[in-house]
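**Q** Please find one structure pasted underneath; my questions will follow.
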Amino acid sequence: MASLVWSRVRSVPVQYPFAFGVVFSGFKTSVSDLMAQKVVEQRETIDWKRNMAFAAFGFIYLGGVQYAIYVPLFGRIFPTAKGFAAKSLRDKIKDVRGMFECVAQVFVDQCIHHPLMYFPAFYCTRELVMHSDNPNLTQVLQEYRRNMKEDLLALWKIWVPATFVNFAFMPMWGRIPTVAMTSLVWSVILSTMRGGDVKSGAEVAGGAVTGATLHMVEEGFGTLFTQRPVELEPDKAHLIITAGGLDKPGWVAELSRAIANAGGSITHSRMVRLGADFIITLHAAVPPQEENEFMQKLRSNQGLKPLNLQFGPLTRRDPSAVPQPDIGVRVRAVGADRPGMLASISETLLAKGLSIETVTTDLHLNTSSRTQPRRDFVIEADCVATKSLTSEELQSLVEDLSQIKTALTLDTVDVRVQRLPQQIQEERRRRTARY
């Protein structure tokens, strides 16, 4: 009985390829948007109107229009397509005409269909859905023109090999489900890698491979919540060590070995060459009874004299005296160096109730400029909030940072959110109670 049911289920896509492709594509696009809303944007409630709009795009274009192109149209233009897909690999290699027509199908799909039909339709649909109150199709098509090179290069990296496998090995009825499944896998990867990126929900929503989404996957990100060892080791003495002197190869190795030999353990550190000097700030943990001996050993180390070591105590914070963070926000901004960038961003974060835990700034030489290389200022800030931010509060933060991006003509303002898992919150409460 079960085998009979399974046999009938398997026959559905073969007997009804168009209907199956339409339903499957619509379902895939709906799931992609749900992942974008819940995983990436971290919405508290699902916008079903938006979800149904994207699902409609999946039904009509991805299922209907693409089926018409890939099956009846390509079947007529490339008459060997159906037979070539059914052949064994050995026979495929011998079929020169079939291989040529397979490559030709990939070319027509990737170099004509996608640039001229799919991307304009996708950009317009996304604009109508995401900005339904005031859509600007002219502006969004201009955006596509600006992004075309990047979008197509990203598309080809993923879809040229995927489409070749699809056209070479899948039966005609399986072409649309294969495209939909590949796109769904891409959406899963994208949502996993970009979880909490509230600013990029619009990019992720449609599940399309664009220059922006490919960059998101390539970049990835780590967790925002890291416990500071100062709070994790109440039985240790904690010291802040600062040092600075003329740069020379081997300072890091020499200082870290001296600290280890003196019985200390380095946890957090920042070491950087600035001009001709090498600057060090680090946190070291030592047993309390060995603290004075530890500092004396380092002070008496003749090899470290040029660094002018300075020591200071770190006071362990009482976890019960401060609210515990429930949400983390990472902000990354990049733009041509100018005064006020860090001040503007840090003031915005403060106004939104976010406390900066760590912030790093750097200067990079941007050689991709069409005129001449320029100095880019890079800001990366990890912040925490003691209460979960609502979708409206997160959107307000994104809008304020977007205004800063426009005012300072920044290239990138990236916002990512990580909500603290429930089990970590419970462990923190237990640890606070024990303290």
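The values are calculated or read from the model by the stated rules, or taken from the named source; none is laboratory data. All values derive from a computational prediction rather than experimental measurement. Neighbour counts run over all protein chains shown; Cβ positions are idealised from the backbone, glycine included. For accessibility, only protein heavy atoms count, side chains too; no ligands or nucleic acids. Shrake-Rupley method; radii C 1.70, N 1.55, O 1.52, S 1.80 Å.
**Q** Based on this model, can you work out whether Lys305 counts as without any contact (Cβ under 8 Å) to a residue 24 or more places away in the chain and open to solvent by 70 Å² or more (accessible area, probe 1.4 Å)?
**A** So Lys305 passes the test.
**Q** Going by the structure shown, is Arg175 modelled with pLDDT of 90 or more, crowded, with 16+ Cβ neighbours inside 10 Å and not aromatic (Phe, Trp, Tyr)?
**A** Taking the combined requirement at face value, the residue satisfies it.
**Q** I need a count of the residues in the range 340-364 that are under 16 Å from Val329 (Cα atoms) and acidic (Asp, Glu).
**A** Residues meeting the conditions: 2.
**Q** Sticking with this structure for a sec: May I ask you to say which residue of Gly64, Gly75 is open to solvent by 10 Å² or more (accessible area, probe 1.4 Å), small (Gly, Ala, Ser), part of a helix (DSSP H, G or I) and closer than 19 Å to Val165 by Cα?
**A** So the residue among Gly64, Gly75 that is open to solvent by 10 Å² or more (accessible area, probe 1.4 Å), small (Gly, Ala, Ser), part of a helix (DSSP H, G or I) and closer than 19 Å to Val165 by Cα is Gly75.
**Q** Right, another one. Can you name every residue in the range 108-129 that is closer than 15 Å to Arg146 by Cβ and modelled with pLDDT of 85 or more?
**A** Across the range 108-129, the qualifying residues are Pro115, Phe119, Pro120.
**Q** Does at least one position in the range 106-121 carry a residue that is farther than 23 Å from Ser30 by Cα, touching a residue at least 24 places away in the same chain (Cβ under 8 Å), surrounded by 13 or more Cβ atoms within 10 Å (Cβ to Cβ) and of a type in the set (A, V, I, L, M)?
**A** Among the residues of the range 106-121, at least one is farther than 23 Å from Ser30 by Cα, touching a residue at least 24 places away in the same chain (Cβ under 8 Å), surrounded by 13 or more Cβ atoms within 10 Å (Cβ to Cβ) and of a type in the set (A, V, I, L, M), which makes the answer yes.
**Q** Might you let me know whether the range 340-362 holds any residue that is open to solvent by 40 Å² or more (accessible area, probe 1.4 Å), modelled with pLDDT under 80, β-branched (Val, Ile, Thr) and out of contact with any Asp or Glu (no Cβ under 7 Å at 6 or more places or on another chain)?
**A** No, the conditions are met nowhere in the range 340-362.
**Q** Of the numbered conditions (1) open to solvent by less than 20 Å² (accessible area, probe 1.4 Å); (2) assigned to a strand (DSSP E or B); (3) under 29 Å from Leu363 (Cα atoms); (4) not charged (D, E, K, R), Leu255 fails exactly one; give the number of that condition.
**A** (2)
**Q** Out of (1) at pLDDT 80 or above; (2) more than 20 Å from Val185 (Cα to Cα), what's the single condition that is false for Ala2?
**A** Among (1) at pLDDT 80 or above; (2) more than 20 Å from Val185 (Cα to Cα), the lone unmet condition for Ala2 is (1).
**Q** Residue under question is Phe278, and the condition is that it be surrounded by 14 or more Cβ atoms within 10 Å (Cβ to Cβ), part of a helix (DSSP H, G or I) and of a type in the set (Phe, Trp, Tyr); does it hold?
**A** No; evaluated as a whole, the condition is false for this residue.
**Q** Can you tell me which residue is surrounded by the fewest Cβ atoms within 10 Å (Cβ to Cβ) among those in the range 81-105 that are acidic (Asp, Glu) and assigned to a helix (DSSP H, G or I)?
**A** Looking at residues that are acidic (Asp, Glu) and assigned to a helix (DSSP H, G or I), I get Asp91.
**Q** Let me ask something additional. Does Ser132 count as at pLDDT below 80, among the small types (Gly, Ala, Ser) and surrounded by fewer than 16 Cβ atoms within 10 Å (Cβ to Cβ)?
**A** Judged against the criteria, Ser132 is a match.
**Q** Further question: Please go through the range 162-177 and pick out each residue that is part of a helix (DSSP H, G or I) and either out of contact with any Gly (no Cβ under 7 Å at 6 or more places or on another chain) or of a type in the set (S, T, N, Q) (or both).
**A** Ala162, Thr163, Phe164, Val165, Asn166, Phe167, Ala168, Phe169, Trp173, Gly174, Arg175
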